[in-house]
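A.B. asks: Take a look at this one; I'll ask things after.
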Amino acid sequence: SGLTGWRDDEAEQRLHDAARLISASLTIRDQQDTGWREGLRRAAELLEWLSHDELNVDNVPTKLLAASAYQIAGYPARSTGLLDHSREQGEESRILRSLLKADFRSLLRALVVPDDFENHFISEGHKMFCSPRIRRSM
């Protein structure tokens with residue numbers, strides 16, 4: 001299964017390559033040297049490529065990692081574009097996606113308002129008190 005000519009261990013090797021690129025790029029940045037953004041961008045491209053369903057059989061959050069690397073490297077549009085096409089679910093990834101996309105309204109909503117907002121209230125008084133405040137802040 002997978003891509004033609006692809007060995008089973010290649011995805012893991014590319015994941016390690018991306019990790020090494022990120023580490024080296026951040027070391028270069030810490031030394032106030034130039035060229036660190038290119039290494040991060042290349043790591044993000046590797047991670048994005050590894051997020052393909054046939055390659056990511058272990059469900060590593062490679063799209064979130066790629067989006068993070070793009071964001072740090074100074075490519076916010078690439079980060080947002082990748083996340084807009086992400087199918088990863090879960091509260092944690094919803095929060096991270098909102099943060100990486102700089103969508104602070106959605107981030108606040110994900111952090112404060114439960115998914116089952118209407119069933120969240122323990123009494124009518126609680127609903128009357130919280131509901132207008134939460135909705136106004138959104």
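A.B. asks: For the stretch 13-96, build the charge dipole from Cβ charges (+1 Lys, Arg; -1 Asp, Glu) around the Cα centre, then report which of Gln31, His16, Ala77 sits farthest towards its positive end.
C.D. replies: Checked the options; the winner is Gln31.
A.B. asks: Further, regarding this structure: Give me the one-decimal nm value for the distance between modelled label points at Ile95 and Glu45, 7 Å along each residue's Cα-to-Cβ direction.
C.D. replies: 3.3 nm
The numbers here are math on the coordinates, done by the rules we state, and not lab data. If you're wondering where the values come from, they're calculated on a predicted model, not measured in any experiment. Cβ: placed from backbone, ideal geometry, glycine included. Neighbour counts: every protein chain shown.
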